[in-house]
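Novice: Please find one structure pasted underneath; my questions will follow.
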Amino acid sequence: MSGFVKFDPRTRLVHLEEHLRRIHRNLPIEEARIQLLRCRLVAYKLIAEIRDSRYDKSYVDRLMSEIYDKLSEISGSRLTDPYMDPCESQYKILEELKSYRYRDPNERFMRFVREEFREIFIPTLFLLTYLCRSEKKYTWDEVKLQLDGIMRDLRVDVSWDECEDELKRYARKVFPVLDIAVAV
């Protein structure tokens with residue numbers, strides 16, 4: 001036995017929901033917003049593993065909507081869920097990431113951004129690219145080109161080969177539950 005406890009996807013989803021409902025207590029709003037991106041990635045993966053019609057994209061969207069509303073209430077400003085408008089969010093997230101080059105790289109938040117870049121921002125922008133149905137959107141190659149510049153500016157060390165392999169595995173699992181009909 002390996003010493004790791006492996007929960008079934010339903011149990012993990014319950015734990016994720018509990019974490020989301022108290023995320024505002026443990027993190028500054030700026031960091032919580034980024035953690036919500038990660039949590040959605042995990043939630044999509046879990047619902048794909050569960051394969052039960054009660055747990056679908058709309059289930060995750062409703063849950064995340066509740067959490068964004070709660071964070072908006074706490075912060076006093078309207079926080080929008082990027083997945084509600086994936087086309088616009090594609091641009092907004094890239095612009096926000098570009099703005100981080102002007103921040104102190106030693107700041108705790110910036111260390112967090114660099115450490116989590118591969119696990120949060122790359123897959124989030126990947127999904128937003130494929131969820132955006134507009135003709136006027138960045139392609140994944142255009143997003144990657146911009147991410148290259150951002151990663152260089154922020155000194156993020158990421159191998160695209162590793163990322164692409166992970167993204168393909170993730171896409172094979174979650175694209176069907178997100179009604180994305182693109183082969184990767």
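Novice: Which value in nm describes the separation of the simple spin-label points at Val42 and Tyr102, placed 7 Å from the Cα toward the beta carbon?
Specialist: Distance between the two pseudo-spin positions: 3.3 nm.
Novice: For region 42-84, what % of the accessible area comes from carbon and sulfur atoms, probe 1.4 Å?
Specialist: Heavy-atom surface of region 42-84 belonging to carbon and sulfur, 1.4 Å probe: 46 percent.
Novice: Under a Cβ-only charge scheme (Lys and Arg +1, Asp and Glu -1), can you give me the dipole magnitude of the chain about the Cα centre, in debye to the nearest 20?
Specialist: Around 340 debye, computed over the chain.
Novice: Does region 37-182 classify as rounded, prolate or oblate by the C-alpha gyration tensor (a ≥ b ≥ c root eigenvalues; a/c under 1.5 gives rounded; else a/b over b/c gives prolate, otherwise oblate)?
Specialist: oblate
Novice: While we're here: Going 7 Å from the Cα of His24 toward and past its Cβ, which residues in region 81-101 have a backbone nitrogen under 16 Å from where you end up?
Specialist: Residues 81 qualify, since their backbone N sits under 16 Å from the label point.
Novice: Per residue, how much accessible area does region 43-135 show when a 1.4 Å probe rolls over the protein heavy atoms, in square angstrom?
Specialist: On a per-residue basis, region 43-135 sits at 51 Å².
Novice: To continue, here is another question. Which percent of the accessible area of region 140-184 is formed by carbon and sulfur heavy atoms (probe 1.4 angstrom)?
Specialist: Roughly 46 percent of what the probe reaches on region 140-184 is carbon or sulfur.
Novice: Projecting each Cα onto the charge dipole of region 1-117 (Lys/Arg +1, Asp/Glu -1 at the beta carbon, about the Cα centre), which of Tyr91, Ser65, Ile23 comes out farthest on the positive side?
Specialist: The one lying farthest along the dipole's positive direction is Ile23.
Novice: Another question about this same structure. Based on the Cβ-Cβ distance from Asp179 to Arg155, what FRET efficiency comes out when R0 is 41 Å, to the nearest 0.05?
Specialist: For Asp179 and Arg155, the calculated efficiency is 0.65.
Novice: What shape does region 105-175 have by the C-alpha gyration tensor, where a ≥ b ≥ c are the square roots of the eigenvalues, rounded means a/c under 1.5, and otherwise prolate means a/b greater than b/c and oblate the rest?
Specialist: Here region 105-175 falls in the prolate category.
Novice: Let me ask something additional. Treat every Asp and Glu Cβ in region 122-184 as -1 and every Lys and Arg Cβ as +1, leave all other atoms uncharged, and give the resulting dipole magnitude about the Cα centre to the nearest 20 debye.
Specialist: 280 debye
Novice: Further, regarding this structure: My understanding is that a pair violates if its Cα-Cα distance is over 23 Å; which of Lys57/Lys173; Lys98/Lys137; Lys70/Lys173 do that in this structure?
Specialist: Too far apart for the 23 Å limit: Lys70/Lys173.
Novice: Same structure again: Once the piece of chain linking Val14 and Glu162 is laid out straight, how much longer is it, given 0.36 nm per residue of separation minus the C-alpha distance between them?
Specialist: 50.3 nm
Novice: Rounded to the nearest 0.05, what FRET efficiency do Arg78 and Arg51 have when you use their Cβ-Cβ distance and R0 = 45 Å?
Specialist: Approximately 0.80, to the nearest 0.05.
Novice: Hey, another quick one. Towards the positive end of the charge dipole of the chain, with charges on Cβ (+1 Lys, Arg; -1 Asp, Glu), say which of Asn106, Tyr44, Leu131 has the farthest Cα.
Specialist: Checking the options against the dipole of the chain, the answer is Tyr44.
Novice: Let me ask something else about it. Using a 4.7 Å Cβ cut-off, which Cys residues in the chain lack a partner cysteine?
Specialist: Unpaired cysteines in the chain: Cys39, Cys163.
The values are calculated or read from the model by the stated rules, or taken from the named source; none is laboratory data. These figures come from a predicted structure and were not determined experimentally. Heads up, the Cβs are rebuilt from the backbone with ideal geometry, glycines too, and the neighbour counts pull from every protein chain shown. The area values use the complete protein model at the heavy-atom level, side chains included, leaving out ligands, DNA and RNA. Shrake-Rupley method; radii C 1.70, N 1.55, O 1.52, S 1.80 Å.
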